[in-house]
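Comments concern the structure below.
The values are calculated or read from the model by the stated rules, or taken from the named source; none is laboratory data. The shown structure was predicted, so the numbers you read here are calculated from the model rather than taken from an experiment. Here the Cβ positions follow ideal geometry from the backbone for every residue, glycine too, while neighbour counts run over all protein chains shown. Surface areas here come from the heavy atoms of the whole protein model, side chains and all, with no ligands, DNA or RNA. Shrake-Rupley method; radii C 1.70, N 1.55, O 1.52, S 1.80 Å.
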Amino acid sequence: MILVTGGAGFIGANFVLDWLARQDEPVVNLDKLTYAGNLETLASVKDDPRHIFVHGDIGDGALVDRLLAEHRPRAVVNFAAESHVDRSIHGPGDFIQTNVLGTFHLLESVRGYWAGLEGDAKSAFRFLHVSTDEVYGTLKPTDPAFTEENRYEPNSPYSASKAASDHLVRAWHHTYGLPVLTTNCSNNYGPFHFPEKLIPLMIVNALAGKPLPVYGDGMQVRDWLYVKDHCSAIRRVLEAGHLGETYNVGGWNEKPNIEIVRTICALLDELRPRDDGRPYADQITYVTDRPGHDRRYAIDARKLERELGWTPAETFDSGIRKTVEWYLANGEWVRNVQSGAYREWVSKQYEGKA
Ligand code: NAD
Ligand code: TYD
């Protein structure tokens, strides 16, 4: 079996659902259920004996030691993190706690467990750390996309905490020989994305008749990957990645934010036109920019393609259409995640900004 951390969040839950849909190997899913973790996303595997959900913190060494000893996983895939840049600006403490200290404690538990393995179990064991392209900092318009050789130049508390975790993972390999793999992926989108990140926020706000808040001039560029393609890349790296290596994951889909928002508006105009016949783009509102906002991210994923033969299945056009359709069909999931904590965040982040 494998142990997944953060498997009630956006990417982790998509990974768990895809994993169980493809094979019978069980998953132990350790998640703290912060505001971003949502068991409803895992409702379809609630009674599946191959899915063992454990509510807890990656930084709880005693708990992780016990889970490793009890379930004896062949791999650990670490998704657990605080992941929202804007939240990291308002309150960086949780990011240091989970992304840095939590990863450290997890690595220590895994190191102890791995040291006690023998023979094939020891040589086959893997610790896969899921990270982000944001560790590389920001690009100028004509710079080449990030390769695995780029310097780490994180600019936000979030990316700095992820960079720190990547360094810890690297050091645990170099110093202790822990069999690690790291993936650095670009921005994901798709089903079960918490509606405070750009794409789901725009869909949800558009349908609710609310403003669509575009930061600054809307010309910041992100490189978008459909979440299920990220999951397939992680499965491939877990299966065949070279120990101690890092792999960039991306789909060559660089787009300015305003283009993303306009695309979503156009899809909604087609699929769920406004009652008054006006275009959803009327709701676009430019708001104060994010402090220290990175201008451009772009991922060069050629190493993953060349060495492990991975390519994404979705284009941006197919992925964004599926995503908008998913949100239209899953209004109940959206309503249920818009809890008191969600509403509190939205008023803290957007009130008085327009
Ligand atoms: P998310 O915020 O949706 O989910 C994070 C999950 O981790 C939640 O279920 C949360 O409850 C859990 N968690 C948080 N702290 C924990 C702790 N201390 N112990 C156990 N569980 C804890 O994040 P996501 O978008 O699914 O991202 C998953 C991972 O992928 C993160 O490591 C993130 O840095 C990375 N990543 C995300 C993106 C993206 O576009 N979302 C892109 C590249 C990499
Ligand atoms: P986000 O989804 O927070 O991801 P990240 O900051 O990790 O790339 O934001 C994606 C882009 O969208 C980023 O450039 C900030 C911008 N953005 C807005 O313009 N308005 C919003 O309300 C949000 C949440 C993000």
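Among the residues of region 255-305, those that are in a helix (DSSP H, G or I) and more than 28 Å from LEU207 (Cβ to Cβ) comprise ARG302, LYS303, LEU304, GLU305.
Could you tell me which residue of region 75-91 is farthest from ligand 2 (Cβ to nearest atom), considering only residues that are crowded, with 24+ Cβ neighbours inside 10 Å and part of a strand (DSSP E or B)? The residue in question is VAL76.
Of all residues in region 48-63, none satisfies being within 16 Å of ligand 2 (Cβ to nearest atom) and either crowded, with 23+ Cβ neighbours inside 10 Å or more than 20 Å from ASN184 (Cβ to Cβ) (or both).
The rows are residues; the columns are (1) in contact with a Leu (Cβ under 6 Å, 6 or more places away or on another chain); (2) within 14 Å of ligand 2 (Cβ to nearest atom); (3) at pLDDT 95 or above; (4) of a type in the set (A, V, I, L, M).
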| site | (1), (2), (3), (4) |
| --- | --- |
| THR98 | no, no, yes, no |
| LEU117 | no, no, yes, yes |
| THR132 | no, yes, yes, no |
| TYR136 | no, yes, yes, no |
| LEU139 | no, yes, yes, yes |
| ASP143 | no, no, yes, no |
| GLU148 | no, no, yes, no |
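The criterion of being more than 13 Å from ligand 1 (Cβ to nearest atom) and either outside any loop (DSSP other than H, G, I, E, B) or among the polar types (S, T, N, Q) (or both) holds for ASN155. One residue is enough: does region 245-253 have a residue meeting the conditions without any contact (Cβ under 8 Å) to a residue 12 or more places away in the chain and among the hydroxyl-bearing types (Ser, Thr, Tyr)? No: zero hits. Of the residues making up region 4-45, those that are under 17 Å from VAL76 (Cβ atoms), within 12 Å of ligand 1 (Cβ to nearest atom) and open to solvent by 30 Å² or more (accessible area, probe 1.4 Å) number 2.
When you check TYR215 against the structure, is it more than 18 Å from the chain's Cα centre (by Cα), within 11 Å of ligand 2 (Cβ to nearest atom), within 26 Å of PRO273 (Cα to Cα) and hydroxyl-bearing (Ser, Thr, Tyr), yes or no? The answer is yes for TYR215.
The set of residues in region 163-212 being more than 21 Å from the chain's Cα centre (by Cα) and charged (D, E, K, R) consists of LYS210 alone. Checking ASP223 against (1) charged (D, E, K, R); (2) within 14 Å of ligand 2 (Cβ to nearest atom); (3) open to solvent by 20 Å² or more (accessible area, probe 1.4 Å); (4) not in a loop (DSSP other than H, G, I, E, B), which test does it fail? Result: ASP223 fails condition (3) only.
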